[in-house]
Amino acid sequence: MKYLPKNKVFLIISILMLSNTPLSHSQNIDISAEVPIRQIQFKVFPEKRLPSINNWSTIVDVELRSCSTNQTVHRFQQITTNNAGIGTINVSNLSVRGDNYTAVIRGASHLNKKFSCYHFNNQNVFMDLTTGNSTLLAGEISNKYDNYINALDISVLIKNFYSSDYYSDLNQDGKVNSLDSSIQLINLYKNGDN
Ligand SMILES: [Ca+2]
Ligand SMILES: [Ca+2]
């Protein structure tokens, strides 16, 4: 029988031991960063709807920012949320990888809202953005979006008074009237999040 030299035996045993070593914490983080995200769902409530429940549909732009740098790394536009406030983004090109992301949401008639950091560590992500007092503030309907509510936004709503203009109907009860302007006045001179 042929014997292996001692140094080769030691090498083989070392390799076998290493292969059974549990992953360290940092190795686990590296692996989760490689998870390709296939679907992102989020739930967000626009404020002061009438009726006040199951009337949360809007059309949103979603930015995903790096939690560490605040830089925008992904942008999804014109996502329609359903009456329960849930929007779905199917990520077809596998461009979104597991990481920590902050969502910034802009509703159809709303100021930008920046939410807290989420860890994406699963192929299917669900972000519940409705916890706490975190509704989207309504009234940003100026012709040029400036993430600020002032006289320009008020003039658009007044022009659409007694119509059913989708963007000016802030509470989504089907008509533009004083209920909508009162929502807008409460938010007058407010800026959205940057
Ligand atoms: Ca504005
Ligand atoms: Ca209305």
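Just so you know, all these numbers are worked out from the coordinates, no wet-lab data involved. Keep in mind that what you see is a predicted model, and the values were worked out from it rather than measured. In this analysis, Cβ positions are derived from the backbone assuming ideal geometry, glycine residues included, and neighbour counts consider all displayed protein chains.
So which of K43/K175; K113/K175; K113/K190 end up more than 18 Å apart, counting from Cα to Cα?
Checking Cα-Cα distances, K43/K175; K113/K175 exceed 18 Å.
Calculate the dipole size of segment 32-128 relative to its Cα centre from +1 charges on Lys and Arg beta carbons and -1 charges on Asp and Glu beta carbons; express the result in debye to the nearest 20.
200 debye
Considering the options S95, S52, T72, tell which one lies farthest towards the positive end of the dipole of segment 32-128, charges being +1 on Lys and Arg and -1 on Asp and Glu at the Cβ, about the Cα centre.
The listed residue farthest towards the positive side: S52.
Expressed as cubic angstrom per residue, what is the convex hull volume of the alpha carbon set of segment 32-128?
86 Å³
I'd like the FRET efficiency for H119 and D173, computed as 1/(1 + (r/R0)^6) with the beta carbon distance as r and R0 of 45 Å, rounded to 0.05.
According to the calculation, E is roughly 0.75.
When the chain is fully extended, how far beyond the present Cα-Cα distance does T80 get from Y162, taking 0.36 nm per residue of separation?
Here the segment from T80 to Y162 would lengthen by 27.0 nm.
Run the numbers on segment 32-128 and let me know its relative contact order in percent, using alpha-carbon pairs under 8 Å that are six or more apart.
40 percent
Please compute the modelled spin-label separation between D128 and S155, points set 7 Å along Cα→Cβ, answer in nm with one decimal.
Between S155 and D128, the label points sit 4.4 nm apart.
How large is ³J(HN,Hα) for each residue in segment 120-129, as worked out from phi by the Karplus curve 6.51 cos²θ - 1.76 cosθ + 1.60 (θ = phi - 60°), to whole Hz, x for Gly and Pro?
Once θ is set to phi - 60°, the couplings for segment 120-129 become 8, 10, 9, 4, 10, 9, 10, 10, 8, 9 Hz.
Once you put a point 7 Å from the Cα of N143 and another 7 Å from the Cα of I53, both along the Cβ direction, what distance in nm separates them?
About 4.2 nm separates the two model spin labels.
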